[in-house]
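Reading through the structure tokens given below for one structure.
The values are calculated or read from the model by the stated rules, or taken from the named source; none is laboratory data. These numbers come from a predicted model, not from an experiment. Ideal geometry is used to build each Cβ from the backbone, glycine not excepted, and the neighbour counts take in all protein chains shown. Ligands, DNA and RNA are excluded from the accessible area calculation, which covers all protein heavy atoms including side chains. Shrake-Rupley method; radii C 1.70, N 1.55, O 1.52, S 1.80 Å.
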Amino acid sequence: MKDNFFVSFSPHILGKKSTPKLMWRVFFSLIPAGLLGVIIFGLKALWIILLSIITAILTEGLIQGLAKRRITILDGSAALTGLLLAYNLPSTVPFWIPVIGSFFAIAIAKQAFGGLGRNIFNPALAARAFLMACWPFYMTRFSLPFSVDAKTQATVLTLIKDGKISHFSEISLNYLDLFLGFRGGCIGEVAVLALLLGAIYLLYQRIILLHIPLSFMGSLATLSWIFDKQGFFKGDILFSLFSGGLILGVFFMATDYVTSPLTKKGKIIFGLGCGVLTFVIRRFGGYPEGVSYSILIMNAFSSLIDKLIRVKRYGEKKTT
Amino acid sequence: MERKRPLKEFLKGLFRENPVFVIILGLCPALAVSTSVENALGMGVAVTFVLLFSNLIISSLRRVIPEKIRIPCFIVVIASFVTITDLLMKGFFPLVSRGLGIFVPLIVVNCIIMGRAEAYASKNPIFLSVLDGLGMGLGFTLALVVISMVREVLGAGTFLGFLLAKGFRPLTVMILPSGALLTLGLLMGGINLIKKKR
């Protein structure tokens, strides 16, 4: 049975891009970042990624089978959710964390809402928020890059939040380390260069558009530059962009088709909201990093944004 | 008017018109105190007691209470029984009372009790009203116990305070408010699914 439920403004002409093609392309564009993550944090990161993907696919198949829906486990969307979730986990988590997280992402955040295209929240991020609320202890232990004995350390953002350091250079990191990913953090979020390469591929293929990333990063960078803890106009823009999970969140999760607005204007509003919220959470919130929560909050608003921005129908005259 | 069967009036509160899962009333206490089975039982018994007696009194006074000021009259009756319950619980079950805290006095404004007084007890004979109150109260207790069972077992790894399994890492979120809403949503979804299949 073909699913005839489309959510889109007119015109409804369909291109050649199909869901599986898009999903697998996003999936492959993420692989370099994962490879670097495995190199930096060791083989355990690989097992976490694989477990997460396998659980996501199995859960999708199981629930679609139980609900007697069409089984679409090979369209890449479940695999992508699993991959993104794993990228959002520290490499020190016990192996049951990715399994439970993937199950939650697919079963509750996606299939309980009706499956692909009907979920309100990004499944991978919803699962991350769930894991964070359940087991904060495991979710905030980050191992140091290239450490054999799995030494753990707080991330740079946590150290700054706690007031232990005021600039990342104090723990002997430089911009190049941040750019290549040689820092503590989640498996897939540290390798900024690899993530950017993947993002450029997706932009080149026009799978994602620049509206959300630019407005997201622009608003966050501007706010962190102006309202720095050291004083006005003293913020470190590059640091605010390359730390935490920003690049991963901006290019690969905020741009999710299902959970972001449909129009270009809507996407810009969505990105601006994400940027402002991320800044507010990083600066005033209880957590050191706010990318995932701000995207989740704006997910809830994206259908409202679509209602606000009405597209002019083709040929429609302005009524004043 | 058709004659109402007593047994049916009693049973409807438990399942077909369950106040929490079907009528969706009294969610505030249902979500707030369902962190442990013990609290849920205490709350359920307190609400059932108040519901039973407020229905009894309001039903017997239904021809005396003037239409225009019926709500204040209901509240006077309900508040009296809530005060009795509150003092009884403080005296005999101080631990449960402390665990429930503000939610015992708040039974006064519990929508289930007001709802049954307005929709049922003020229009029906005493015997049926008592059965209705008892059924609704037990239905509320049942719903609370089910929700709290899920939350306590998953969120704390215990049941009625007893540790279930060693080495289990509890899902802290289930004890938090978001866990309450998650549990309620999933349970209601499940109930709707079962209903649809019939």
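Evaluate the charge dipole of the protein assembly as shown about its Cα centre and quote only its size in Debye, nearest 20, assuming +1 on the Cβ of each Lys and Arg and -1 on the Cβ of each Asp and Glu.
Working: 52 positive and 23 negative charges, 372 e Å.
Charge dipole of the protein assembly as shown: 1780 debye, to the nearest 20.
Of the three principal axes defined by the Cα atoms of segment B:34-164, the extents in descending order read 53, 25, 21 Å.
Anyone know which of B:Ser59, B:Ser97, B:Ser80 comes out most mobile in the 10 Å Cα GNM of chain B? Judging by the Gaussian network model, the answer is B:Ser80.
Highest-first packing order for the peptide set B:117-130, A:70-83, B:60-73 is A:70-83, B:117-130, B:60-73, based on the mean count of other beta carbon atoms within 10 Å. Averaged over the residues of peptide B:183-192, the number of Cβ atoms from other protein chains lying within 10 Å of each residue's Cβ is 1. Of all the options A:Pro213, A:Pro136, A:Pro90, the one that moves most in a Gaussian network model of chain A with Cα springs shorter than 10 angstrom is A:Pro136. For the protein assembly as shown, the residue among B:Gly190, A:Pro136, B:Thr172 whose Cα projects farthest onto the positive side of the dipole built from Cβ charges is B:Gly190.
Less than 5 angstrom separates the built amide H of A:Cys186 from none of the residues sequence-distant by 5 or more or on a different chain. Calculated mean residue ellipticity, 222 nm, chain A: -16500 deg cm²/dmol, from DSSP H runs (n ≥ 4) at -39500 (n - 2.57) each, averaged per residue and rounded to 500.
So how strong a dipole does segment A:19-308 carry about its Cα centre when Lys and Arg Cβ are +1 and Asp and Glu Cβ are -1, to the nearest 20 debye? Don't skip to the end; give the middle numbers.
Details: 23 positive and 12 negative charges, 135 e Å.
Result for segment A:19-308 is approximately 640 debye, rounded to the nearest 20.
Over the C-alpha trace of segment A:170-320, radius of gyration and Dmax come out as 16.8, 61 angstrom.
Over segment B:6-149, what is the relative contact order in whole percent, taking alpha-carbon pairs under 8 Å and six or more residues apart? Spell out each step's value before the answer.
Working: 193 pairs, mean separation 72.0, N = 144.
The normalised contact order for segment B:6-149 reaches 50 percent.
Ordering A:Ala78, A:Phe301, B:Ile65 by the projection of their Cα atoms onto the charge dipole of the protein assembly as shown, which places +1 on the Cβ of Lys and Arg and -1 on the Cβ of Asp and Glu, puts B:Ile65 at the extreme positive end. Fully extending the segment from A:Glu170 to A:Tyr314, taken as 0.36 nm per residue of separation minus the present Cα-Cα distance, adds 46.1 nm.
Give me the inter-chain shielding for A:129-136: mean count of other chain Cβ atoms within 10 Å, whole number please.
Working: counts 2, 5, 2, 2, 8, 11, 5, 2.
So the per-residue partner count for this stretch is 5.
Per residue of chain B, the DSSP helices (runs of n ≥ 4 H) give a summed -39500 (n - 2.57) that works out to -21000 deg cm²/dmol at 222 nm.
Between the beta carbons of A:Phe233 and A:Arg141, assuming R0 = 45 Å, the FRET efficiency works out to 0.80 to the nearest 0.05. For a straight C-alpha distance cut-off of 13 angstrom, the aspartates and glutamates reachable from B:Lys68 (same-chain residues fewer than eight places away being disregarded) are B:Glu118. Of the chymotrypsin sites (Phe, Trp or Tyr not before Pro) found in segment A:166-247, those in coil by DSSP whose Cβ has at most 14 other Cβ atoms within 10 Å are A:Phe233. For segment A:19-308, the Kirkwood estimate of hydrodynamic radius, built from reciprocal distances between every pair of different alpha carbons, is 18.9 Å.
Given a 1.4 Å probe and no ligands, DNA or RNA in the count, how much accessible surface is buried by B and A, both sides, to the nearest 100 Å²? Please report the intermediate quantities before stating the final value.
Numbers: alone 10880 and 15950 Å², together 26160 Å².
By this definition, chains B and A bury close to 700 Å².
When all alpha carbon pairs of the protein assembly as shown are counted in 20 Å bins from zero, the resulting P(r) reads 20, 43, 30, 8, 0 %. Annotation note: trypsin sites (Lys or Arg not before Pro) in segment A:189-288 located in DSSP loop regions with a Cβ neighbour count of at most 13 within 10 Å are A:Arg206, A:Lys229, A:Lys234. The per residue volume of the convex hull around the alpha-carbon atoms of segment A:182-269 is 106 Å³.
In whole percent, how big is the carbon plus sulfur part of the accessible area of the protein assembly as shown, probe 1.4 Å, protein atoms only? Could you put the intermediate results ahead of the total?
Values: 18430 of 26160 Å².
Heavy-atom surface of the protein assembly as shown belonging to carbon and sulfur, 1.4 Å probe: 70 percent.
Each Lys and Arg contributes +1 and each Asp and Glu -1, all at the Cβ; summed about the Cα centre of segment B:38-176, the dipole is approximately 80 debye. Amide H contacts under 5 Å for B:Phe159: B:Leu164, restricted to partners 5 or more places along the chain or on a different chain, H placed in the peptide plane at 1.01 Å from N.
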